[in-house]
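Notes to accompany the following structure.
The values are calculated or read from the model by the stated rules, or taken from the named source; none is laboratory data. Since we're looking at a predicted model, the values are computed, not measured. Cβ coordinates were reconstructed from backbone atoms using ideal geometry, including for glycine residues, and neighbour counts include every protein chain displayed. Accessible surface is based on the protein model in full, side chains and every heavy atom, while ligands, DNA and RNA are left aside. Shrake-Rupley method; radii C 1.70, N 1.55, O 1.52, S 1.80 Å.
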Amino acid sequence: QVTGHLDDCTCDVETIDAFNNYKLFPRLNELLQSDYFRYYKVNLKKPCPFWNDNSHCGIRDCAVKPCPSDKVPDGIRSGSYKYSEEANSLAEECEEAKRLGAVDGSLSEETQQAVLQWTRHDDSSDSFCEADDIYSPDAEYVDLLLNPERYTGYKGPDAWKIWNSIYEENCFKPHNVKRPLASGRGESFIYLPTWFSSVCVEKRAFYKLISGLHASINIHLSARYLLQDTWSEKKWGPNVTEFQQRFDEVLTRGEGPRRLKNLYFLYLIELRALSKVLPFFERPGFQLYTGNKSQDVEVKNLLLEILHLAKSFPLHFDENSFFAGNKKEAAKLKEEFRLHFKNISKIMDCVGCFKCRLWGKLQTQGLGTALKILFSENLIEKIPESGPSYGFQLTRQEIVALFNAFGRL
């Protein structure tokens, strides 16, 4: 039932399936196994900013195992983006100095300037996400391969409250439209064709992005469901009944296939961002630094291969239809768009299950990074071939989130 043309796009489901399954996904999967992309720094202890949340999931499978710091590659921990003997010989002194709160002396002058620019840039109004403070003592590295996204048993009113809050407060819904969400089944959202056809393409797109993200998370939970939980073993696998409850056309009153199409829409938006960000990664000075020089070169080559492949996709989403009208109105709408999305990224700190919170934060940051790229096209075009890229910058966190979020789709 999920076939053919996608609304608001020139693309169809079959073209995406063929391109993704045979060309892109095998390479992307290989990239995400590498050290640079498997370690993500996250603060899972941030308090929920919207309501008093004491409902932490007590289920064992909700827990996230952080990495002991000696297991994280030195290059990632030290955050030094330079390959130089001087930097490497200073790494040990650096670790000691860091413990004493001193400044990292191994950063070259150029890198220090770049770091200042990044900090300024991260505080700037281009960000679509409430990013974690990765220097907080509560921020820890997590190995994403050891903490896969899967069903943990976290459900019911707490999970429902999260999605309800996202849809009710952040999806540009007119206030006079009631859309009951049944408590306990956080996705029984009633689709409103009359409302939907009357709103502008940007607001429609925003809703479809959130719906696509919701669909993606639900598919992963159904695909890696806890099928057996005994003292001797745990078994995860596909739960077809769970999948049907969320996506079957009859059971969802026609809504399920539409949710799945929104997943394809989200895929197209993130694919478009990857095709646009190529100049940032192509610069010779850009390194995916882990400290293992030969591996880092290999991973960068693979990354560029994926980005060139993304660029070659024949039926890209045309984001020029976004914010194309009256300049003043467009600027206001873009700001609204950004603030709504930022709000959703903050809601992720209210998710009671830590594993769900980890993947929720990572995927919202990935989508936020994709939006930042699409709205920074003119800055990306001006990036100089050498030296720091002041106008447009991505942190390691954003890079890891962008590719891992796309990997989920």
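Table for the structure above
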item: All helices (runs of 4 or more DSSP H) inside the range 5-48 with 3 or more residues being under 19 Å from His308 (Cα atoms); result: 13-18, 25-32
item: Helices (runs of 4 or more DSSP H) (entirely within the range 211-297) containing at least 3 residues that are open to solvent by less than 30 Å² (accessible area, probe 1.4 Å) and under 28 Å from Gly75 (Cα atoms); result: 256-276, 278-282
item: Pairs where the first residue, in the range 17-38, is in contact (Cβ under 8 Å) with a residue 40 or more places away in the chain and the second is among the acidic types (Asp, Glu) and open to solvent by less than 50 Å² (accessible area, probe 1.4 Å), C-beta under 6 Å, 6+ apart; result: Arg38/Asp143
item: Residue list for the range 308-324, filter: of a type in the set (A, V, I, L, M) and either under 13 Å from Thr15 (Cβ atoms) or modelled with pLDDT of 85 or more (or both); result: Leu309, Ala310, Leu315
item: Options Leu31, Leu24, Leu44, Leu100; residue that is among the aliphatic types (A, V, I, L, M), open to solvent by 70 Å² or more (accessible area, probe 1.4 Å) and either modelled with pLDDT under 55 or under 22 Å from Leu402 (Cα atoms) (or both); result: Leu100
